[in-house]
1. Mind counting the residues in region 244-277 that are in contact (Cβ under 8 Å) with a residue 60 or more places away in the chain and under 16 Å from VAL56 (Cα atoms)?
2. Restricting attention to region 186-233, which residues are of a type in the set (Phe, Trp, Tyr) and under 25 Å from PHE111 (Cβ atoms)?
3. Taking into account only those residues within region 47-84 that are part of a loop (DSSP other than H, G, I, E, B) and basic (Lys, Arg), which is farthest from MET261 (Cα to Cα)?
4. Looking at (1) at pLDDT below 90; (2) surrounded by 13 or more Cβ atoms within 10 Å (Cβ to Cβ); (3) under 25 Å from LEU267 (Cβ atoms), can you tell me which one LYS5 breaks?
5. So GLY143 clears everything in (1) of a type in the set (Gly, Ala, Ser); (2) more than 25 Å from LEU210 (Cα to Cα); (3) open to solvent by 50 Å² or more (accessible area, probe 1.4 Å) except one condition, right? Which one?
6. Which condition breaks for GLY67 when tested against (1) open to solvent by less than 30 Å² (accessible area, probe 1.4 Å); (2) touching a helix residue (DSSP H, G or I) at 6+ places or on another chain (Cβ under 6 Å); (3) within 30 Å of ASP188 (Cα to Cα)?
7. Checking the condition touching a residue at least 12 places away in the same chain (Cβ under 8 Å) and either open to solvent by 30 Å² or more (accessible area, probe 1.4 Å) or more than 19 Å from ALA88 (Cα to Cα) (or both), which residue from ILE201, ILE184, ILE136, ILE153 passes?
8. Looking at LEU28, LEU43, which one is closer than 17 Å to ILE79 by Cβ, at pLDDT 90 or above and part of a helix (DSSP H, G or I)?
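The values are calculated or read from the model by the stated rules, or taken from the named source; none is laboratory data. The model shown is predicted, which means the values in this text are computed figures rather than measured ones. Positions of Cβ are generated from backbone atoms using ideal geometry, with glycine treated the same way; all protein chains shown enter the neighbour counts. Ligands, DNA and RNA are stripped out before the accessible areas are found, and what is left, the full protein with its side chains, is counted by its heavy atoms. Shrake-Rupley method; radii C 1.70, N 1.55, O 1.52, S 1.80 Å.
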Amino acid sequence: MTEVKNLATTIFSFLPEAEGRYMVLAGLGIIITVALMALLAPLIAPYDPIKSSGDVLQSPSPNHIMGTDNLGRDVFSRIIFGSRVVLAVVFSASLISMVIGVPLGLVSGYFGGKLDRILSMLMDSMYAFPGLILAIAIAAVLGPSVFNAVVAISVVYVPTYFRMIRGQTLSLKSLLFVEAARAIGATDGRIMKKYIFPNLIPTLVVVFSLSVADAILTEAGLSFLGFIVSAPTPDWGFELASGRPYLPAGYWWMITFPGLMVMLLSLGFALVGEGLSEVYAPRRER
């Protein structure tokens, strides 16, 4: 308990005084809990997630705190192991989209001209499609697999990073410190690397947190439709799809707990993103 308190104190020391710091702390608490659950899955899970315990469609009880599914597998154990797939997919996809979108937005916003118009038109055409629909279309073409799902989700969020970084770059490149750097002979590459990019990091952190929160929902949608994993691999979206036919018969726990985990993890990243936005947003002087 003391270690958790010390960690919270350390995090608070890095955040300026603002109401958003409590949102950040709450979100980090959720994210760290799920991450530890995924990391320690073999030690935490009471049952093998792919083997039947013999109790088919058992409601939540002391032996199975989240019940069992139609094959007798422990829902709690499958949720714990399913967190590994969810975190791996959303983090990988978000990092790939950031690595692609940030340089494109930086170059487009700094140089402008025909390159900016072409890239902006391309990104706007992608942004016009609903994210989940575009991800489904890409995943359907590539085929169901974890790698293809990462590719599909990463493509969806490249325009988000591009638009945010481009807009910030357009504002920053006209400021006096950039003009001063250009006047002393700094090259365009050095200006972007040393003067503009460091000022984009707070925005980048916020965008990353919010994009991960949305990517969790996209991942759940793809998994629900069978574009990521196949039986018997556990995944939250796949659990929702497996439990849906049994809901009318009253077996509510098969979809309730996976759905709550999707909502909870997405909420955690959303709290971090909104909290950081509140902390680092420019504030008017009273």
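1. Total meeting the criteria: 4.
2. Result: TYR195, PHE197, PHE208.
3. Pass one, region 47-84, residues part of a loop (DSSP other than H, G, I, E, B): 47-67, 69-73.
When the remaining residues are screened for being basic (Lys, Arg), the result is 51, 73.
On the way: LYS51: 22, ARG73: 18 Å.
Among residues in region 47-84 that are part of a loop (DSSP other than H, G, I, E, B) and basic (Lys, Arg), the one farthest from MET261 (Cα to Cα) is LYS51.
4. (2)
5. (3)
6. Unmet condition: (3).
7. Exactly one residue qualifies, and that residue is ILE136.
8. LEU43
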